[in-house]
Structure formats: structure tokens, C-alpha cells
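Read through the structure below, which is laid out as C-alpha cells, and then see the notes.
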Amino acid sequence: MLSRLCLCLLVVHQTSGFQPVSFIAKPAMARTSVLFAEREPFLISKKQEGLFDNFYSSGFWEGLAETFMPKGYRSNIDEMKTFVQIVSVLRVCVPSFLIAALAAKTYPGLSMMVSGWIDDPKAMEVVANDYAQYIQNILTTSGLMFSITVGYTYYFLYQQQEAIYVSLFEEVTQAKCLLEQISLISQGRSEMYQDILDCIERYVEEDLTQFFVEPSVLLSRRPIDDPLEEIMFLTSVGEPGVVYQTVRTLRQARAFRLGALQRKLPPIHFALVYTLAAVVMVVFPLLGAGSQTLGGDAILQVQAVFLSFIVFGICAVLGVLNELNQPTKNGAYNVVPVLNIMVKGLVDEINARQDGQFITSQFTPSTMDGLNSVMDYPSDDTLEY
């Protein structure tokens, strides 16, 4: 049955010029070419780059990371992602390596110093053999408390990171919806249209991209300084206009974003984590004091190497926790590179509308001269029925 249907379609194609294959396959071919084409570098404009000037704040680690970057990396999103990852690697690994090297260097001397404090052969025999497993219980208890605290801190901070991404996607989507809706209700009122575009531009520059301002400060400013409030005033006559629902949804997404960015863990929480890590480390010189009675200084040198691995791992974990706790700080866990990609289309469209490159018509609310669609779908004039 299928073979007969294919044969009939082939006959119709040869006799009448009907092209069902090209009608169905052309969008799929275009879609395939887009998906499997090699992606070009994602570049941003100078104006958009200026929105994130605070992102390149002059710090020690930022300056050190810039030595590994090529010139002009700030206009390339991929290079900027590499930059923030290098900053995080340097900020986490370099102090961890230095502390680990310091621990390996001082461990034998500290163990011998603890041994001199005890200065009792019977006591040293108890420490060396740990008959009552007292030292082992101390190490196990402190290590368990440290692991539980670090685990729950990781879980909480990763949830906060996820909430930031979700809120940003929602907010940028609603901002684009507002921009499209404004283009529909402002036809024939060019002065009001430009005023609303200026308000949206202010919102992007002064609110959406302000990751280095305390969220509570952004939320506390007066309504008269709020560009969204000004949009409501321009589009309402006596009662809320048609954009009320869009602005309301945008404000909800903004509140979710500010709430996700607000730091929630107090400094005392991280002081507790650092204290537990120090308690875990303090036990090792006591163990070394007992070990040197059996193996001498040579066993302390071997233990110092393995202790440096433990110290490096603990310091790296604490460094990553600190990176997660500061999502607005330069680093791999900062969402600014992703936000830069998200707002590129929004910023470009606002600038194009302000320059008059968009032409509104009866059928298409926003069509830009020279803008080609990603999907090359056939039009009604080119189809043959």
C-alpha cells in the first residue's frame, strides 16, 4: 500500500509540477543546517559591554587572570567565560596550594613540638597506640560535623544559584514581551514611543544588569525613580492600561531575581565552617607526635606529604563555598556572562528601535529592514498547489 502511494506521488510530481517533498523538507533542511553549523564567536557591542564595567573591577585576581587573556576579550562572550573561570581557579587553587605547602613544611616541626610538650613515655605510648581510641573519636566527630555542615551549605547555595538562573530567564522573557507589546500600542505616537523605549533602556541599564548593587538597595528606591512605574503612567489614562499585566509579571520576576541574589547565609555560618575545618587539622600534629615514637622523623616526612593533599582539598572546598556564596562576584559561578548573552537581543532591539530601523505596519508589529529569518519557510506566493 505504501509503495503504491509513493508511486502515485511520483507520477503527480512528474506530470503537474507539484513539489510536496520540497514543501515539507525545506524547513527541516534549514533547521538541520542551523543546528550542525559551526557556531561563530558570540560578540557584544561596546554599549552592552559598558553595562558590565563593574564586572571587570580592578582586583588582584582579575589583574592576574587578564595576563592569560588575549586583547579584546571583553567583547567576546566565550573569552569572558574563560576569564571568569581563570579568576575562580586562581582564587581557589593558589591559596589552597600555598596553605597545603605551608602545612607540609610545618607538620614535622609541630609534631615534634607536641611531643616535647607531652614529655612522658607512658603518655606517648598511649597516644601512639590510641588504646582508648580517644583521638580517633575526636577526628571522626569533628570530621562528621564538618562534612554535614559543608554538605548542607553546598545544597543551599546551589539552590540559590538555580533560582538566580530561573528568575533571569523569566525576567528577560517578560522584558521582551513588554517591548513587543509597546510597539503595538504606540503606533502613530512616536514621541510616547521614544519615551517608553528610554524607560525600558533605563530599566536594563539601572536595574536588570546591576549585579554589583545590594538587591535591597535596588528594591528600596522610590516609585518615582522606577522606569516601570513611568511606563505605567505613560500608557494609562485614569486606570491601568493594557500593559498592566505584563509590567506586573515583570515586577514579580524582578522581585524573584532580587530575592535570589540577596545573600542569605550570615558570616557567622562560614566562621563555623572554618572553625570545624581547623579542628580537623589540629588533630593531625597530635597523631604525628605519637607516630614519631615508632617511625622517627622519616614517618613524619611521609605523613606531611599526604597531609598536604588533605589540606589542599579542604581549602579548595572552602574556596568553592565562598565562590558560591557571592554570585555577583567575578568568578565561574557568576551569572553575568549568561546574562550578557540573554540581554544582547534585547539591547540590540532597543537601540534599533530608537534609531528608527524598525518599521511598523498593519500586519507585522516589528520587522527590521534587512533582517532575515533563521527558518527559511516558503511563502504563499512561491507555493504551488
In order through segment 136-148: 3J(HN,Hα) via Karplus (6.51 cos²θ - 1.76 cosθ + 1.60), integer Hz, x for Gly, Pro
5, 5, 4, 5, 5, 5, 5, x, 5, 4, 5, 5, 5
For the pair Lys71/Leu218, report the inter-label distance in nm, with labels modelled 7 Å from Cα in the Cβ direction.
3.5
Could you give the alpha-carbon Rg of segment 241-331 over 2.2 N^0.38 Å, rounded to two decimals?
1.94
Residue-wise, which Karplus ³J(HN,Hα) couplings in Hz belong to segment 206-215, taking 6.51 cos²θ - 1.76 cosθ + 1.60, θ = phi - 60°, and x for glycine or proline?
9, 10, 4, 9, 8, 7, 10, 10, 4, x
Lys344 to Phe60: FRET efficiency via 1/(1 + (r/R0)^6), r the Cβ-Cβ distance, R0 25 Å, to the nearest 0.05?
0.25
Quick one: go through segment 108-122 and flag any residue whose amide nitrogen is under 17 Å from the point 7 Å out along the Cα-to-Cβ line of Tyr134.
114-122
Could you give each residue of segment 278-289 its phi-based ³J(HN,Hα) in whole Hz, using Karplus coefficients 6.51, -1.76, 1.60 with θ = phi - 60°, and x for Gly or Pro?
5, 4, 4, 6, 5, 5, 5, x, 5, 5, x, 4
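Since every read-out is calculated from the coordinates, none of them should be taken as a lab result. It should be emphasised that the depicted structure is a prediction, and the values quoted were computed from it without experimental measurement. Every residue, glycine as well, gets a Cβ built from its backbone with ideal geometry; the counts of neighbours run over all protein chains shown.
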